Amino acid sequence: MRFWLRNEEMALEEMVQRLNAVSKRTDEIMHHDISPLCAADIQDQLQKRFAYLSGGRGQDGSPVITFPDYPAFGDVPDKEFQNVMTYLTSIPSLQDAGIGFILVIDRRQDKWTSVKASILRIAASFPANLQLVLVLRPTGFFQRTLSDLAFRFNRDDFKMKVPVIMLSSVPELHSYIDKSQLTEDLGGTLDYCHSRWLCHRTAIESFALLVKQTAQMLQAFGTELAETELPNDVQSTSSVLRAHTEKKDRVKEDMRLALDEGRNVLESIREPLAQGPEQNPNQDQLDSQSTVQRLLAQLNETEAAFDEFWAKHQQKLEQCLQLRHFEQDFREVKAALDVLAQKITTFTDVGNSLAHVEHLLKDLASFEEKSSAVRHRARALALAGERLMELTHYAVDSIRPKCHELRQLCDQCAAAVGRRRGLLGRALDLHSLLEASMKWCDEGIYLLASQPVDKCQSQDGAEAALQEIEKFLETGAENKIQELSKIYQDYEPILTRDLLEHVQKVFRKQESVEEMFHRREASLKKLAAKQMRPVQPVAPRPEAPTKSPCPSPGIRRGSENHSSEGSVLRRGPYRRARSEASEGRQGRGRSTGDEESLAVLRRHVMNELLDTERVYVEELLCILEGYAAEMDNPLMTHLISTGLQNKKDVLFGNMEEIYHFHNRIFLRELENYIDCPELVGRCFLERMEQFQVYEKYCQNKPRSESLWRQCSDCPFFQECQKKLDHKLSLDSYLLKPVQRITKYQLLLKEMLKYSRSCEGAEDLQEALSSILGILKAVNDSMHLIAITGYEGNLSDLGKLLMQGSFSVWTDHKKGHAKVKDLARFKPMQRHLFLHEKAVLFCKKREENGEGYEKAPSYSFKQSLNMTAVGITENVKGDARKFEIWYNAREEVYIVQAPTPEIKAAWVSEIRKVLTGQLQACREASQHRALEQSHSLPLPAPTGTSPSKGNTKNVRKLEERKTDPLNLEGYVGPAPLPRPPEKGRGWTKTSHPSEAPEDNDGWSSAEEPVNSSDAEEEGRVGLRKLVPGRYTVTGLDEKGGPDALVLRSGDEVELVQEGDEGLWFVRNLSSGGEGWLPARNLSSLLGQRGAPGCLSSPESSAGSALLSASSSCSESCAAALADLQG
């Protein structure tokens, strides 16, 4: 650095010396060191032309100054005269001026007194050497005679050291000065134009001044450049280099303009000479050309000096910029290498399973791949620094240690990765050995459990079993842990406390299995040895078959030999299902083998659950750190588009909340069940409430997807993806939580499949149902938020139970006939939302776009209060149809489901809602009945028509709106609620109902009743009374005078069951109504009563006869399919 500064100082000093020399030579050329006057300064004085330098020369080369006839010569101020004389005498070269000037004074038209005054004035103030004074005296006779006499007598008065010659005529002047050196007014041939001369002199002197100013300006500029302090960052250095370059370009432009000006001056001087070959330049013209050429040479010298200095200064700035780039890259690379080194120090986990170690190796390979880019950049930077040093960079002392440090850090990072790979490689070998040992033990247990005990009682069977065992034991040499101490010694660097316990556990299991094999082998050898003995005739034991559960004595004896083996099996590390007392040892052995196989499968499912959970947590962290956190990074703000600013919560939703739940809680608790995977259902159940975070995430997903569609081309995402080295874009990772919540139910199903007989099976089943419930709730909520046009609060409608798309026909009593007919044959596509308190009819509208932007929306059309809703489960002609009717069938909606199963699920769910309302109403009625007597409500007037009854009910509905459990959808103050009008309710049986007579457009002719089904349902009604219509077959003789009278043939309707076995009955034939005991009604009502309808959801008996069809698994599966779609 100091060496370069010395060079900089030397370059500046050299340039300053050269530029000072240029300025000095410029002054010498222009004689400014003798006379600082310029033509521009006295231009008005020179323009008076009382004296001029024509360029003529005497015989010895003396410059000629001519004083033309100027009548006002005496009026010229002394200062002006002195300035003009001084300027004119400074123009010729010093050599010519040293010879002396010849003065030609033309006073031919003047008087002697003027001649005398002029000579005296010139003699007194001429500033240079004089060689000769030639005076053209007045031409008049009197003035000429007077001048001769006066000159003779007054010669000494002139006090001149040179001769003064009085000339009478121009020819006499020619004898002293050649005609070619005199102007035309003196009879000569010299071409002289005073204005042109004055213009040339002004231009030459202006150019000379420009050359001098340029040299001075370059000198000051060079000093400024040299004294500029070098910045310490790339941006400032670039700015300085750019600013200096711009200034240099301006200076170069000024120099180019100056050169052009000098060339133009030279061309203007040469222009008169180029007009013809007869034009010969005078000495002054030649001197002017020489002056301009010398000035141009000085200007070129100035430019050359500055160019040399600029080249060195530019090299200095460029090297400084290179150094700042190198230092900035060094800081970045060193920071990246430090991060790598820090991250490597965190790699301490050696894995707790083979899959975990393989995952760690993949992570290490990914880390090495990412770090290789950093190391490659570091080595490339070190190589670039070495090239700078080879190019004699001035900061070699600063670059060399940085290059050495970069290479050292790269080597340390590579060595640390190598050591880490070596440890993981050894961990992989150890876990492979442990896995092989576990697999060998599992296969051995399965082999022992699968050997049939009965076949082993024979000699061939025992020998075959022995061969199987021996062959299997031979495989143990490669798959078993041979020496525990050798394992400790070989894998000491990676043996953590947990891993050491695992090794010991596997070794104990291995020893246990080996002991089982040795016992089985000893038993089989005894059996084979017994069969090889000579057979001796012995008396058979008659008691053997009665004592032994086996078919032969040999098998009985074999079972005795295996008793100790069975105890070893029971003491094994795996749980075995206990066999029933009636099962033999063969069944117990097979059950043990199956349980061991299931245990292996459960372990595989648990490993998959843990491995995928770890990957999921890492992916969430990667997205939060690589994308979400970077949105708050000030260095990345310039890459974020306007539409993306302050939208982090919209884009990522509550992903951070999901990550903290899984990383801090769920993953750690899952790891506690690694040794008992069948109990993992408890882990899900304990944290089921916290899984609700996924519902919030999925509800925000459409907004997130829409924002991503708008800003997916943002450079911010591309830069983050490049840094993370992801092959997939962000939207693929934003889908991870949705995919993960659906993955859990698949893993729980697999675990449940292999854990049916285990302790935690019920927990697994409950956890699976809960997860499916969450999936359904998530799916339903995403549909629910798409409803538009509903003015109320959807949360007031209670829990959303079901939702789906249906074809709907309408049939309303109050509608126009043509509208009703048209509605019957043209279905509407509606999306129904079943809540606890209402069912919503919406129109599904598909949106244009992609992804979540294509998700449908639902326009609200109709809402039915569940307190006034009834259903008819079956509509004849289509097993997929059912009816939802409202307010005594004033509004009827025929609903067609996509499949019979979906229809059954909906009917079942609606039935549950109505049954719940019925139960609540019944409890309220019983409470009121306890406070009142068994007084009956007044009978309705006999002449009341159905239409009048409907009008009455509508009026009551308007007057009574306090009890939502009223059977008609409104409340009455009577102690027992009055039932609704006929024809309103769901069907009493699962068969299609008969349409009521007062239902417009919904007659029995349109919907014929299956009479055989109705009769069958009537027979069922003899034993258990349910609300509906019946025909009286007997006579009620037990009633009192005020009791309701029933006669044979009357059509009655059982409305409601009261307390103490009473039923509220309405006689449809007589119009009477009242309470009757159930025991009397059972004998009076016949079998051919038409199946009735209950008008509101309060008939528990009627609802009990509806066919149940909904399934939790089916509905949840549908929700899952919707969510995944």
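Observations on the model:
- Search result, residues across segment 855-894 that are under 15 Å from V907 (Cα atoms), part of a loop (DSSP other than H, G, I, E, B) and touching a Phe, Trp or Tyr at 6+ places or on another chain (Cβ under 8 Å): E873, N874
- All positions within segment 166-192 that are in a loop (DSSP other than H, G, I, E, B) and either touching a residue at least 12 places away in the same chain (Cβ under 8 Å) or under 17 Å from D69 (Cβ atoms) (or both): S168, S169, I177, D178, L182, G187, G188, D191, Y192
- Any chance Q283 is touching a residue at least 12 places away in the same chain (Cβ under 8 Å), open to solvent by 20 Å² or more (accessible area, probe 1.4 Å) and over 30 Å from F221 (Cα atoms): yes
- Only one entry in A355, A335 is over 23 Å from T612 (Cα atoms) and either free of Cβ contacts under 8 Å to residues at least 24 places away in the same chain or not charged (D, E, K, R) (or both), namely A335.
- Every test in (1) under 16 Å from L447 (Cα atoms); (2) modelled with pLDDT under 85 is passed by A529 save one, and that test is (1).
- Members of segment 366-398 that are under 28 Å from K343 (Cβ atoms), touching a Leu at 6+ places or on another chain (Cβ under 9 Å) and not charged (D, E, K, R): F367, S371, V374, A378, L381, A382, G385
- Failed item in (1) open to solvent by less than 40 Å² (accessible area, probe 1.4 Å); (2) modelled with pLDDT under 80; (3) in contact with a strand residue (DSSP E or B) (Cβ under 9 Å, 6 or more places away or on another chain); (4) not acidic (D, E), with L938 passing the rest: (1)
- When residues of segment 1033-1078 are limited to those that are among the basic types (K, R) and at pLDDT 70 or above, the one farthest from L918 (Cα to Cα): R1047
- Boolean, P68 is closer than 23 Å to E172 by Cβ and surrounded by 17 or more Cβ atoms within 10 Å (Cβ to Cβ): yes
- Residue ranges of helices (runs of 4 or more DSSP H) in segment 688-747 with at least 2 members open to solvent by 10 Å² or more (accessible area, probe 1.4 Å) and in contact with a Cys (Cβ under 7 Å, 6 or more places away or on another chain): none
- Filter pass, A243 being of a type in the set (A, V, I, L, M, F, W, C), at pLDDT below 85 and outside any loop (DSSP other than H, G, I, E, B): no
- Some residue of segment 402-409 being among the hydrophobic types (A, V, I, L, M, F, W, C), open to solvent by 30 Å² or more (accessible area, probe 1.4 Å), under 30 Å from H359 (Cα atoms) and out of contact with any strand residue (DSSP E or B) (no Cβ under 6 Å at 6 or more places or on another chain): yes
- Selection status of S485, surrounded by 18 or more Cβ atoms within 10 Å (Cβ to Cβ), of a type outside the set (K, R) and in a helix (DSSP H, G or I): no
- Test: residue in segment 71-82 that is open to solvent by 30 Å² or more (accessible area, probe 1.4 Å) and aromatic (F, W, Y): no
- If the condition is being open to solvent by 30 Å² or more (accessible area, probe 1.4 Å), of a type outside the set (S, T, Y) and modelled with pLDDT of 80 or more, then segment 92-119 contributes L94, Q95, G98, I99, R108.
- Residues satisfying the stated conditions in segment 218-240, i.e. in a helix (DSSP H, G or I) and touching a helix residue (DSSP H, G or I) at 6+ places or on another chain (Cβ under 7 Å): L218, Q219, F221, G222, T223, L225, A226, V234, T237, S238, V240
- Flag for L772 being at pLDDT 90 or above and open to solvent by less than 10 Å² (accessible area, probe 1.4 Å): no
- Residue match in segment 373-394 (condition: surrounded by 15 or more Cβ atoms within 10 Å (Cβ to Cβ), outside any helix (DSSP H, G or I) and of a type outside the set (D, E, K, R)): yes
- Unique match (being of a type outside the set (K, R) and either open to solvent by less than 40 Å² (accessible area, probe 1.4 Å) or over 27 Å from L601 (Cβ atoms) (or both)) among L428, L423, L473: L423
- Complete set of residues in segment 852-880 that are free of Cβ contacts under 8 Å to residues at least 40 places away in the same chain and more than 17 Å from F833 (Cα to Cα): K854, G877, D878, A879, R880
- Segment 289-334, subset under 52 Å from the mean Cα position of the chain (by Cα) and among the basic types (K, R), residue nearest to E14 (Cα to Cα): K312
- Pairs, first more than 14 Å from S432 (Cα to Cα) in segment 468-485, second among the acidic types (D, E) and outside any loop (DSSP other than H, G, I, E, B), C-beta under 6 Å, six or more apart: I469/E521
- Count of segment 592-638 residues which are open to solvent by 30 Å² or more (accessible area, probe 1.4 Å), over 30 Å from G444 (Cα atoms) and charged (D, E, K, R): 5
The values are calculated or read from the model by the stated rules, or taken from the named source; none is laboratory data. Keep in mind the model is a prediction, meaning the values are calculated, not measured. Quick reminder, even Gly has a Cβ in these numbers, built from the backbone with ideal geometry, and neighbours come from all protein chains shown. The accessibility values were calculated without ligands, DNA or RNA, using every heavy atom of the protein model including side chains. Shrake-Rupley method; radii C 1.70, N 1.55, O 1.52, S 1.80 Å.
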